[in-house]
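Novice: Mind looking over this structure? Questions follow.
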Amino acid sequence: MSVIASATLHSIPEVQAAIAAGESMFLAGSREALSQLPKGNWVGGTIAYFMTEEGGLFAEDRIYVTRVPDFALGAEAIDYGPDDLAQLYRDAPVNGFTHLVLPAATKVLQVFAEQAPDFEGFLMRPVVGWVSGVRVERIGIDSPAVFNGKSGAVFEDRCVAMHVTLPSGKIADLDIVNIFESGNGDVIHFDKAGFCATECVIGGKPVNLADYIYEKRIPTEFPLVGDYNGSSINVSFQSVDPAARTVQMYAPVFPGVDYRFAKPVGDYSSAFGQAIASGEQQPGFACNCILNYLYGQLEGKKTGDITGPITFGEIAHQLLNQTMVRLYLRDIG
Amino acid sequence: MLPDINHPVWVEFVTGTKPLHSTKTTINMLVHNNKTSYENDPSPENVKKLVARTHDFLTQFQTLFAIEVAEILK
């Protein structure tokens, strides 16, 4: 019997009690809040923005708790650096999922984002998670961190995973809610993978992406949308430097993907509400993007009935941007 | 029950000869990943690797992708 409700915000003393009771948990909270927790079977990352039952919320004195369900057969916390990240897939259970938290703007995030699709075990071992961050006013001043509750270690340059083993009657199912769709503009291709783009190919001709965005006056609060066999995968813009003629993004672009600029979205809250069927089963875990929170002015506004941390990047097998990610634990048969 | 790994449908699927239309992101990532891998390396060895991975994936997750499996086998 759990001492704490699954998937909701809790006070620090409530989370301390749950850890003492032996709960296995994924946690999201401010560095100050997470630093007050004892060792235990938990992993966490720094963020103080949340989707709650009442709407988007900033809170540094509470922690978003996702309990590992009682039916799980095991939950093991392990941290990884950029050099041993491929080991994550070898450590992942054959039937289960891995909850992964990576600190923003780090080498380990870059390695995951660029190389995960090539790792042995990609897609076969479901990986769900998010990118830890800081207060948006403190970007570039404070450092995002992740916590391995088992060892008590705090990292700014490593990621932390909890590998959850499921019984044979359950299976992990990841899905995404993307309120953006491709616009009707040019198809854009890239010759190499990376978070920073200079040249791209449009209509078979090399084009500088920064020049293109500037000349076409393209609003960069909306992402590039990649076509993955019909599924839309976003890459969001961090900055466009017209002088250096470079574009920095929050996730890598990849060769072999057809990208287009997204159709603009007006009311983000309504768009999420429409995309999420009412009465839909609550996921085992969910997160949404800080850019949706900021650009969509989601403070105090709901995103369907889904709750969870609001993050600096979302993971459903690979790094995503401006996307809601959901994990469901389905019954088999 | 999935066809054996040596069934020709798997080569058709991983090389894109047999397209799949799905709304599910995970399997669309698999199709996309197969496509780019095959375009970069169309060798028989790589096709064999992609078939093995795809067969393993659909064996493990066939309850989630029953509609997609049916479309592949059509």
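The values are calculated or read from the model by the stated rules, or taken from the named source; none is laboratory data. All figures in this text were calculated on a predicted structure; none of them were measured in a lab. Note that each Cβ is placed from the backbone with ideal geometry, even for glycine, and that neighbours are counted across all protein chains shown. For the accessible areas, the whole protein counts, side chains as well, though only heavy atoms, and no ligand, DNA or RNA atoms are used. Shrake-Rupley method; radii C 1.70, N 1.55, O 1.52, S 1.80 Å.
Novice: If you average the C-alpha positions of segment A:173-237 and of segment A:137-160 separately, how far apart do those two centres end up, in angstrom?
Specialist: Here the two parts' Cα centres lie 30 Å apart.
Novice: Ratio to report: Rg/Rh of the protein assembly as shown, with Cα atoms as the point set and Rh obtained by the Kirkwood method; give two decimals.
Specialist: Using Cα coordinates only, the ratio equals 0.96.
Novice: I'd like the interface area for chains A and B: accessible area of each alone minus the complex, both sides summed, 1.4 Å probe, protein heavy atoms only. What is it in Å² to the nearest 100?
Specialist: 1800
Novice: Would you jot down the residues in segment B:55-70 that end up with at least 10 Å² less accessible area in the complete protein assembly than in the chain alone, with a 1.4 Å probe?
Specialist: Residues shielded by partner chains are B:Asp56, B:Phe57, B:Gln60, B:Phe61, B:Thr63, B:Leu64.
Novice: Let me ask something additional. Count neighbours as other Cβ atoms within 10 Å of each site's Cβ, and list the trypsin sites (Lys or Arg not before Pro) in segment A:79-174 that are DSSP loop with at most 15 such neighbours.
Specialist: A:Arg135
Novice: Then there's this: Quick one: pull the percentage of alpha-carbon pairs in chain B with a separation above 20 Å.
Specialist: 20
Novice: Moving to a separate point now. Just checking the output field for B:19-29: average partner chain Cβ neighbours within 10 Å of each residue's Cβ?
Specialist: That works out to 6 on average.
Novice: Test of understanding: express the Cα radius of gyration of segment A:94-149 as a ratio to 2.2 N^0.38 Å, with N the residue count.
Specialist: This ratio for segment A:94-149 stands at 1.31.
Novice: Same structure, new question: Please state the relative contact order of chain B as a whole percent: Cα pairs under 8 Å, 6+ residues apart?
Specialist: 43 percent.
Novice: Whenever you get a sec, compute what percent of the accessible area on segment A:188-261 sits on carbon and sulfur atoms (1.4 Å probe).
Specialist: Carbon and sulfur: 48 percent of the exposed surface of segment A:188-261.
Novice: Around A:Gly256, which amide H atoms from residues at least 5 apart in sequence, or from another chain, sit under 5 Å from its own amide H, with H modelled in the peptide plane?
Specialist: Hits under the 5 Å cutoff: A:Phe190.
Novice: A further question follows. What net charge is computed for the residues neighbouring A:Arg67, neighbours being all others with C-beta under 13 Å from the C-beta of A:Arg67, Lys and Arg scored +1, Asp and Glu -1?
Specialist: So the environment of A:Arg67 carries a net charge of -3.
Novice: Report, in debye and to the nearest 20, how large the dipole of segment A:188-261 comes out about its Cα centre when Lys and Arg carry +1 and Asp and Glu carry -1 on their Cβ.
Specialist: Taking the Cα centre of segment A:188-261 as origin, the dipole is about 60 debye.
Novice: How big is the C-alpha Rg of segment A:188-261 next to the rule-of-thumb value 2.2 N^0.38 Å, as a ratio?
Specialist: Ratio of Rg to 2.2 N^0.38 Å for segment A:188-261: 0.99.
Novice: In addition: Work out the length of the dipole vector of the protein assembly as shown about its Cα centre, built from +1 on the beta-carbon of each Lys and Arg and -1 on the beta-carbon of each Asp and Glu, and round it to the nearest 20 debye.
Specialist: So the magnitude is around 180 debye.
Novice: Find the all-direction average of the projected area of the Cα convex hull for segment A:84-212, expressing the result in square nanometres with one decimal place.
Specialist: 11.3
Novice: I'd like the carbon and sulfur percentage of the solvent accessible area for segment B:1-68, probe radius 1.4 Å, heavy atoms only, ligands and nucleic acids excluded.
Specialist: Accessible surface attributable to carbon and sulfur in segment B:1-68 totals 59 percent.
Novice: Nearest 500 deg cm²/dmol is fine: what mean residue ellipticity at 222 nm does chain B get from its DSSP H runs of n ≥ 4 alone, each adding -39,500 (n - 2.57), divided by its residue count?
Specialist: Only helices count here, giving -20500 deg cm²/dmol.
Novice: Something else about it: If I fit a long axis through the Cα atoms of helix B:25-40 and take the longest principal axis of the Cα atoms of chain B, what angle between them do I get, 0 to 90°, rounded to 10?
Specialist: Roughly 10 degrees, rounded to the nearest 10.
Novice: For n ≥ 4 DSSP H runs only, could you compute -39500 (n - 2.57) per run for chain A, divide by its residues and tell me the 222 nm figure to the nearest 500?
Specialist: My calculation for chain A gives -3500 deg cm²/dmol from helical runs alone.
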